[in-house]
Amino acid sequence: MIRIRQIKLNIDENENNLKQKISQKLKIKENDILTYKINKKSIDARKEIMYVYEIDAEIKNENIILKKHLNDIIKTPDETYKLPKPGNKKLNHQIIIVGSGPAGLFAGYILAKAGYKPLIIERGEDIDSRVNTVEKFWKTGKINPNSNVQFGAGGAGTFSDGKLNTLTKDKFFRNKEVLKIFVKHGAPKDILYLNKPHIGTDILRKVIKNIINEIINMGGQIKYNTCLTNIIIKDNKLTNIEINNKEIIPCENLILALGHSSRDTFEMLLKKGLNISPKPFAVGIRIQHPQFLIDFNQYGGNHLSLPPASYKLTYQTSKKRGVYSFCMCPGGYVVNASSEKEMLAINGMSNHNRDTENANSAIIVTISPNDFGSKPLDGIKFQRKLEKKAYQIGEGKIPTQLFKDFVENKSSNELKNINPIFKGEYKLTNLRNIFPEYISEALIEGIQNFDKKIKGFASDDAILSAVESRTSSPIKMERDENFTSNIKGIYPCGEGAGYAGGITTSAIDGIKIAESIIKNYRPN
């Protein structure tokens, strides 16, 4: 097959015209095109809005086409993911994975596929029970600390936009394998080629359930409502784990696929001697605008045939502090994403169709150990301090304020022209009471700068909510080139361990850990 880049269609053209466009670009007859498929698809909105495609096609006389050295035409490379060959070491005990987020699920999937029959333990509930628990929390405010927006089957990504784009360059094609596994288990096929693929929380829940079922069908196991409460070490080597403060399980290979909110587990691991260090992260607010405002700015007008537009914004303040948009959710919800009692954190979420009337995004400010302290868990203390203030000033509801009032440092009394879209109740207040002044100042300067790029971004009636504190893990679990920690047999993995940032990169990291174990051990 050959790969053809820069095939363009007008936004109103049908994709059935692609065959004609291919023949024109290659200067061949349409009958000479045997098969073709889309490898990439993106929107170019710089001048006239166009869809831009990269096509893999099977063509008659391909060698003749390639010899012409036409621009944007190459031989299609082999991008097949391949499992490593198993090692010879004997497994004395079942491989155990802590956490069923993307890192844990994909580590489990790859291991199960290779015949290793892993056990996944998850402190939260299965998908259906978890969804019911979270919906009740949004209505009543009563939280289950072990099963919520952060914990449970699928991890924190289960209640998100389900973004699958990544800047990670991987010559082993793990990223493509992740997308293929998602599609195999019910995700839309277009995620295989869209420039910014996403699933949406509604479809993602079904996909996660299907992946878990296949892991079980391949010989793996999953235990819900099962929390890692201790690890037992002898001669700096893992020998057993404790679950739910009572049951002891023999274990020599433990994959720590913890989410970024597993604070009690971080504390336990630090006490047991695991090497943990603080790392920079970011905190801030989430801002809501009408989706049509974002569409108009990004597309240069109203284009109903185009998908809801997104944005990515960055800025460095006059005091050299970074401010940027994060986890932008077109047509989405702002959700109460708390996981601890009397603390409040928020996140963004979208369904696959992204069909609410508002766009929302986190606008966050970079912070480092210089801001919160150099001890391993000082970042968590900083997060908790903000979340406790947010809970207090919101009286358990999502603290909310107009941007104009945030600038003027006064509580909002009413919202104006934008209808708020939340999962969970909200309360009008003054968000400036949550943050240190340097964060508030950076947010104001950043949002006002973003207005130069998206007109209306800093409008008086833009809706701000807080606190966006779980952007990434505030800690890093040290590991070597073989992905093991200073305690032999423990593999820190994914976002909670500080090695990923989102669904896809977490899944890829889970696959890397699975590969490392496969290379050393033979299957059960």
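Of note:
- Within this structure, residue 107 fails the test of being open to solvent by 10 Å² or more (accessible area, probe 1.4 Å) and small (Gly, Ala, Ser).
- Condition broken by residue 181, with the remaining ones in (1) over 17 Å from residue 507 (Cβ atoms); (2) within 19 Å of the chain's Cα centre (by Cα) satisfied: (1)
- Only listed residue being more than 30 Å from residue 352 (Cα to Cα), charged (D, E, K, R) and touching a residue at least 24 places away in the same chain (Cβ under 8 Å), chosen from 247, 252: 252
- Qualifying position, being within 30 Å of residue 206 (Cβ to Cβ), touching a residue at least 12 places away in the same chain (Cβ under 8 Å), in contact with a His (Cβ under 6 Å, 6 or more places away or on another chain) and of a type outside the set (D, E, K, R), among 359, 345, 309: 359
- Among the residues of region 67-74, at least one is surrounded by 13 or more Cβ atoms within 10 Å (Cβ to Cβ) and either in contact with a helix residue (DSSP H, G or I) (Cβ under 8 Å, 6 or more places away or on another chain) or part of a strand (DSSP E or B) (or both).
- Complete set of residues in region 110-123 that are surrounded by fewer than 24 Cβ atoms within 10 Å (Cβ to Cβ), farther than 12 Å from residue 221 by Cα and basic (Lys, Arg): 113
- Long-range neighbours under 9 Å by Cβ, at least six apart or interchain, first residue farther than 22 Å from residue 225 by Cα within region 141-168, second among the charged types (D, E, K, R): 161/354; 162/202; 163/196; 164/196; 165/196; 168/174
- Strands (runs of 3 or more DSSP E) fully within region 244-310 counting 1 or more residues that are surrounded by 21 or more Cβ atoms within 10 Å (Cβ to Cβ): 254-256, 276-278, 281-290
- The test for being over 20 Å from residue 156 (Cβ atoms), open to solvent by less than 20 Å² (accessible area, probe 1.4 Å) and modelled with pLDDT of 95 or more holds for residue 489.
- Within region 133-163, the set of residues being in contact with a strand residue (DSSP E or B) (Cβ under 6 Å, 6 or more places away or on another chain) and open to solvent by less than 50 Å² (accessible area, probe 1.4 Å) comprises 138, 159, 160, 161, 162.
- Filter result for residue 196 (outside any strand (DSSP E or B) and modelled with pLDDT under 95): yes
- Residues that are open to solvent by 50 Å² or more (accessible area, probe 1.4 Å) and touching a helix residue (DSSP H, G or I) at 6+ places or on another chain (Cβ under 7 Å), drawn from region 382-391: 389
- In summary, strands (runs of 3 or more DSSP E) completely within region 357-467 and bearing 2 or more residues that are under 22 Å from residue 315 (Cβ atoms) and among the β-branched types (Val, Ile, Thr) occur at 358-367.
- Verdict on residue 521 being within 24 Å of residue 84 (Cβ to Cβ) and of a type in the set (Phe, Trp, Tyr): yes
- Restricting the first member to region 313-339 and to residues that are at positive phi, and the second to residues that are open to solvent by 50 Å² or more (accessible area, probe 1.4 Å), the beta-carbon pairs closer than 6 Å and six or more apart or on different chains are 331/355.
- Comparison of 207, 183 shows that the only residue that is in a helix (DSSP H, G or I) and open to solvent by 10 Å² or more (accessible area, probe 1.4 Å) is 183.
- Members of region 75-103 that are aliphatic (A, V, I, L, M) and either part of a helix (DSSP H, G or I) or loosely packed, with under 12 Cβ neighbours inside 10 Å (or both): 103
- Candidate set: region 329-374, residues that are under 25 Å from residue 454 (Cβ atoms), open to solvent by 10 Å² or more (accessible area, probe 1.4 Å) and of a type outside the set (Asp, Glu); chosen: the one nearest to the chain's Cα centre (by Cα): 347
- Residue count for region 264-312, restricted to those that are within 22 Å of residue 469 (Cα to Cα) and either under 19 Å from the mean Cα position of the chain (by Cα) or at pLDDT below 95 (or both): 12.
- Selection from region 432-444 of residues that are open to solvent by less than 50 Å² (accessible area, probe 1.4 Å) and either on the phi > 0 side of the Ramachandran plot or out of contact with any helix residue (DSSP H, G or I) (no Cβ under 6 Å at 6 or more places or on another chain) (or both): 435, 436, 439, 442, 443
The values are calculated or read from the model by the stated rules, or taken from the named source; none is laboratory data. Just so you know, these numbers come straight off a predicted model, no measurement behind them. In this analysis, Cβ positions are derived from the backbone assuming ideal geometry, glycine residues included, and neighbour counts consider all displayed protein chains. For accessibility, only protein heavy atoms count, side chains too; no ligands or nucleic acids. Shrake-Rupley method; radii C 1.70, N 1.55, O 1.52, S 1.80 Å.
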